[in-house]
Amino acid sequence: MEGGRGQAPIIAHGCLGHLYLAQGDLEHAIRVFDQGLTLCRASGYRGGVLRVIVVGLGYASVLQGRLAEGRALLEEGVSESIRTGGLIDLAYGVAWLSEICRLAGRGEEACQHARRALDLARQQKERGN
């Protein structure tokens, strides 16, 4: 990556994006996640922070009312986590996918994802998730 900064800017974007998301500041969260995703793509970075950024961007998009776009991003992040074995923090991505299904009126699918998220959180001992 340029300037010898390594992954630090990508990690910073992932963390800051999630901070804005937790505060409910969707506009800033989406902007920061978009910038982080651009950095990932420009550098070819495929590590764990990419999944965190994609999932966060997907959820923020859903909360802004862009269900289809947000769901696609969340599914991408969850699939990549499963594919690469990056199970840490997977539970909240699956939980957010459950919420998308609920918002779209797909109750049974929402329940399936919610149960899976709970199982994942328990398996990984992620009490906060």
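Could you list the trypsin sites (Lys or Arg not before Pro) in segment 21-125 that lie in coil according to DSSP, counting only those with at most 10 other Cβ atoms within 10 Å of their Cβ?
K125
If you place +1 on the Cβ of every Lys and Arg and -1 on the Cβ of every Asp and Glu, how big does the dipole about the Cα centre of the chain come out, in debye to the nearest 20?
For this selection, approximately 280 debye.
Using the alpha-carbon atoms, what tilt in degrees (0 to 90, nearest 10) does helix 48-63 show relative to the longest principal axis of the chain?
Tilt of helix 48-63: around 60 degrees.
Using 0.36 nm per residue, how much length does the chain from E126 to A22 gain when fully extended, once their Cα-Cα distance is taken away?
Stretched out fully, the E126 to A22 stretch lengthens by 35.7 nm.
For the chain, what does the relative contact order come out to in percent, with C-alpha contacts under 8 Å and a separation of six or more?
Reported as a whole number, the value is 17 percent.
What does the accessible area per residue of the chain come to in Å², with a 1.4 Å probe and no ligands, DNA or RNA counted? Numbers along the way, then the final one.
On the way: 7010 Å² over 129 residues.
In whole numbers, the chain has 54 Å² accessible per residue.
Quick one: pull the percent of accessible area on segment 32-91 belonging to carbon and sulfur, 1.4 Å probe, ligands and nucleic acids left out. Working shown, then result.
Numbers: 1460 of 2640 Å².
Roughly 55 percent, rounded to a whole number.
The values are calculated or read from the model by the stated rules, or taken from the named source; none is laboratory data. The model shown is predicted, which means the values in this text are computed figures rather than measured ones. Neighbour counts run over all protein chains shown; Cβ positions are idealised from the backbone, glycine included. Accessible surface areas use protein heavy atoms only, side chains included; no ligands, DNA or RNA. Shrake-Rupley method; radii C 1.70, N 1.55, O 1.52, S 1.80 Å.
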